[in-house]
Amino acid sequence: MSLKTKPSGILTDREAEAGYKRNLSSRHIQMIALGGAIGTGLFYGSSAAIQLAGPSILLAYLVGGTVVFLIVRALGEMSVAEPVSGAFSFYAYKHWSRRAGFVAGWNYWFTYIAVAMAELAAVGEFVNYWLPGVPKWVTAAFFLVVITATNLASVKVFGETEFWLSLIKVLAVVGMIVFGVVIVVLGLKTPSADVTPSFSHLFDQGGFFPNGVTGFLLALVVVAFSFGGTELVGVTAGEAENPEKTIPKAINQVILRILIFYVGALAVIMAVIPWFTIDGSMSPFVQIFDTLGIASAAHILNFVVIVAAASVYNSSLYANGRMLYTLSQQGNAPTYLQKMSSSGQPWAAILTSSIVTVAAVFVVMVWPDFAFTFLMGLATFAVAASWFMITMTEYKFSRGLTPGERAALKFKLPGGRAATVLILAFLALLFVLMFFSPSFRLAAIIGPLWIAFLLVAYQVRQGISSRS
């Protein structure tokens, strides 16, 4: 497809792809997309969402999931038309402005630094279920080293690792849903359980909206964090073997994943144990079996939750390496970040991102109980800002096409401009809700200051460039 001529100085698609290897197969892309939606947000953060909304959290995930699906479709439209790695910043830079590319790239990098830190902060909680004496910062440091080594190997090693980590998560959630349904249908109960499992608990414990509409709305913020990472599939386009087929297939399965892995899983959890007994002391996935006295299942699920955290961190580091490499290509980051290994890994960008993430180890060391909530808030704001940039970039991209080019698009955003308006309205509501949520208020204040810093940094960079 012939797209409009690039502005002077903007990288071509071929230049942006330089050095990468198209070694991510269809099964890799499918599992990377699937794994992006199944992480700490589901296994750990969902407890906070359930406390806020009760059973109406199911509706919150449906609403949030629909909007996120449209966001990923907007990115997919561009990724299929121009499949390059580090795609998000590249598209903003090319179709919106150099400033937009700068802000989009650095904010997306920051997003996954915050997500990576949140995962490292949470993984210690899960390890402590078995080994309560191990400091959380030690666990964070261990996972940081292992995942960094995996990312430095090759994109195929990354793809294989993520495939198996995601497969473990998928099989575990499906198994938990099936096992949970059996428990509910048979009415299994142990002396440690106060209430007989039943799907009626979705309505008979204060109703479907036990905390009113307010609780439902505030839960949307936690939902947004849970869905952060679904857009990662667009970043893989430059290393996909057949992006025109694999990217659309992966994206179109997002809604199905949401229905099965979020709505289905949480419905089963709240049927097995009433929503108000989920206190956040452990993953609700572990708690349902711990409450029923099924220790072996609880241990298995705790292992899966650790795998989930490792998987999301693995994907986060992958995304960060590609984004820093793209920023360096644009002249928006130091040139040393363009160093590429013979296996096609931007090793300098990966190592730099990993070194910055070391800060998470110190955050967990100093504030072990505060770390996850704070980092989750920062990650939520940053990912919402990235979603805003994706949506606006797609609008600029589409508007810049001729009618013939627009008609020739192989993977379009459904709903057109109406979808754009819906996404922007949801993101605006999300930002307002963050101010009303004690856990996210600090991030809602720091977030805009971060964006302002990026805008100032761009102007300073421009001033330095014009004098050189």
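Below are the figures for this structure:
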item	result
Listing of helices (runs of 4 or more DSSP H) fully contained in region 351-447 that carry 2 or more residues being within 19 Å of the chain's Cα centre (by Cα) and not aromatic (Phe, Trp, Tyr)	371-399, 416-436
Qualifying positions in region 369-393 - open to solvent by 30 Å² or more (accessible area, probe 1.4 Å) and modelled with pLDDT of 85 or more	388, 392
From the options 115, 123, 63, residue that is among the aliphatic types (A, V, I, L, M) and farther than 22 Å from residue 285 by Cα	63
Matching residues in region 55-81 - criterion: being out of contact with any Phe, Trp or Tyr (no Cβ under 7 Å at 6 or more places or on another chain) and of a type in the set (D, E, K, R)	73
Long-range neighbours under 7 Å by Cβ, at least six apart or interchain, first residue surrounded by 14 or more Cβ atoms within 10 Å (Cβ to Cβ) within region 409-423, second in a loop (DSSP other than H, G, I, E, B)	419/413
For residue 198: the one exception among (1) under 29 Å from residue 429 (Cβ atoms); (2) modelled with pLDDT of 80 or more	(1)
Near pairs, Cβ below 7 angstrom, 6+ apart or cross-chain, from region 394-406 (surrounded by 15 or more Cβ atoms within 10 Å (Cβ to Cβ)) to any residue that is among the β-branched types (Val, Ile, Thr)	395/420
Helices (runs of 4 or more DSSP H) contained in region 240-348 and holding at least 2 residues at pLDDT 75 or above and either more than 24 Å from residue 229 (Cβ to Cβ) or open to solvent by less than 20 Å² (accessible area, probe 1.4 Å) (or both)	243-252, 265-272, 284-291, 295-329
Residues of region 204-227 satisfying the condition of being open to solvent by 20 Å² or more (accessible area, probe 1.4 Å), at pLDDT below 90 and part of a helix (DSSP H, G or I)	204
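The values are calculated or read from the model by the stated rules, or taken from the named source; none is laboratory data. Since this is a predicted model, take the numbers as computed values, not measurements. For neighbour counting, all protein chains shown are included, and Cβ atoms are generated from backbone atoms with ideal geometry for every residue, glycine included. With ligands, DNA and RNA removed, areas are computed over all heavy atoms of the protein, side chains included. Shrake-Rupley method; radii C 1.70, N 1.55, O 1.52, S 1.80 Å.
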